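Trainee: Sharing a structure, written as structure tokens. Questions coming.
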Amino acid sequence: MSYTLFISDLHLDPARPEHLAALEQLLEEHAGKTDALYVLGDLFEAWIGDDDDAPFNRRAIDAFRRFSDTGSALYFMHGNRDFLLGEQFAAQCGGQLLDEGTVVELYGTRALLMHGDSLCTLDTAYQQFRALARNPQWQQAMLAKPLEERRAIAQGMRMQSQGNNANKAENIMDVTPEEVVRVMEEAGVQNLIHGHTHRPAVHEVPLPNGTGTRWVLGDWGDLGWWIIADETGLRLESWEISRDS
């Protein structure tokens, strides 16, 4: 049976090697079997540019390349941690970069794909940063800096983000229901798939023309999360990630 996989928020980091090992296992098990794999943002805890030649990054790229070389399609979407992922990275992996808000056909149903951070409209401070980080001029200026300086900046941004989030109300860091309805109606879809919030769940969405479904991928911690789509529909599933990997 044909099927497609979706993952998000792996936050790959050398400090957590078990997540990369779990990704390698997933890619190996489904290479040449799944029609496509979609990575919906925050693949890495931080990505400072496609010229970062750290061995950890190379290992991830090689795993994706082995997967795509079998004929399974591979797609990447930017998240709020890896917004500097570029065409070079995607090409090395044998994949393609997708725009936020891409609509895909899944065995008779259409789904809107997003990372999910743009849906959190109540977090105005973050939305201001998001607009800055997605600005091409800002990105070019960042990528022009030496690698070591970018590493230091990324570390500082992570620490600042952790501090800011600790002081925010829970509802501010979740999606705004009205924005969910707006984007789904604008795209003309009954299904929305996203990550970012680290709150895996399946939500009913009241739409003007009926009821839709919002599928939320979880982040990889003790559990790995994926969504499987096939001719029977969509399913949100998880599995335990071994720390001995």
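Trainee: Restricting to segment 77-108, give me the number of residues that are part of a helix (DSSP H, G or I) and within 22 Å of V183 (Cβ to Cβ).
Mentor: Within segment 77-108, residues that are part of a helix (DSSP H, G or I) and within 22 Å of V183 (Cβ to Cβ) number 0.
Trainee: Working only within segment 199-245, note down all residues that are among the charged types (D, E, K, R), at pLDDT 95 or above and touching a helix residue (DSSP H, G or I) at 6+ places or on another chain (Cβ under 7 Å).
Mentor: If the condition is that a residue be among the charged types (D, E, K, R), at pLDDT 95 or above and touching a helix residue (DSSP H, G or I) at 6+ places or on another chain (Cβ under 7 Å), then R214 is the only one that fits.
Trainee: Considering each residue of segment 200-245, count those that are within 28 Å of L20 (Cβ to Cβ), assigned to a loop (DSSP other than H, G, I, E, B) and charged (D, E, K, R), and give that number.
Mentor: 4
Trainee: Does segment 167-177 contain at least one residue that is open to solvent by less than 30 Å² (accessible area, probe 1.4 Å), polar (S, T, N, Q) and not in a helix (DSSP H, G or I)?
Mentor: Checking segment 167-177: at least one residue is open to solvent by less than 30 Å² (accessible area, probe 1.4 Å), polar (S, T, N, Q) and not in a helix (DSSP H, G or I).
Trainee: When only residues in segment 30-48 that are of a type outside the set (S, T, Y), assigned to a loop (DSSP other than H, G, I, E, B) and modelled with pLDDT of 95 or more count, which is surrounded by the fewest Cβ atoms within 10 Å (Cβ to Cβ)?
Mentor: G32
Trainee: Applying the selection to segment 214-232, what residues are of a type in the set (D, E, K, R), buried (at least 19 other Cβ atoms within 10 Å of the Cβ) and farther than 17 Å from T109 by Cβ?
Mentor: Answer for segment 214-232, where residues must be of a type in the set (D, E, K, R), buried (at least 19 other Cβ atoms within 10 Å of the Cβ) and farther than 17 Å from T109 by Cβ: just D219.
Trainee: I've got another one for you. Output the number of the condition that T211 fails; it satisfies all remaining conditions of (1) open to solvent by 20 Å² or more (accessible area, probe 1.4 Å); (2) in contact with a Leu (Cβ under 9 Å, 6 or more places away or on another chain).
Mentor: T211 satisfies every listed condition except (2).
Trainee: A follow-up question, please. In segment 131-152, what count of residues is obtained for those that are aliphatic (A, V, I, L, M) and in contact (Cβ under 8 Å) with a residue 40 or more places away in the chain?
Mentor: 4
Trainee: Can you tell me which residue within segment 84-135, out of those that are of a type in the set (S, T, N, Q) and in contact with an Asp or Glu (Cβ under 6 Å, 6 or more places away or on another chain), is least open to solvent (accessible area, probe 1.4 Å)?
Mentor: So the residue we want is T121.
Yes/no matrix, rows are residues, columns are (1) open to solvent by 10 Å² or more (accessible area, probe 1.4 Å); (2) of a type in the set (A, V, I, L, M, F, W, C); (3) part of a loop (DSSP other than H, G, I, E, B):
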| site | (1), (2), (3) |
| --- | --- |
| F6 | no, yes, no |
| L10 | no, yes, yes |
| H19 | no, no, no |
| E28 | yes, no, no |
| D52 | yes, no, yes |
| A60 | no, yes, no |
| R66 | yes, no, no |
| Y75 | yes, no, no |
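Trainee: State all residues of segment 181-201 that are under 19 Å from E105 (Cα atoms) and either open to solvent by 80 Å² or more (accessible area, probe 1.4 Å) or among the aliphatic types (A, V, I, L, M) (or both); if no residue qualifies, say none.
Mentor: If the condition is that a residue be under 19 Å from E105 (Cα atoms) and either open to solvent by 80 Å² or more (accessible area, probe 1.4 Å) or among the aliphatic types (A, V, I, L, M) (or both), then V183, M184, E185, E186, A187, V189, L192, I193 are the ones that fit.
The values are calculated or read from the model by the stated rules, or taken from the named source; none is laboratory data. Since the structure is predicted, the reported quantities are computational estimates derived from the model, not experimental observations. Cβ sites come from the backbone with ideal geometry, for glycine too, and all protein chains shown count toward neighbours. Side chains are part of the model used for accessible areas, which takes the heavy atoms of the whole protein and leaves out ligands, DNA and RNA. Shrake-Rupley method; radii C 1.70, N 1.55, O 1.52, S 1.80 Å.
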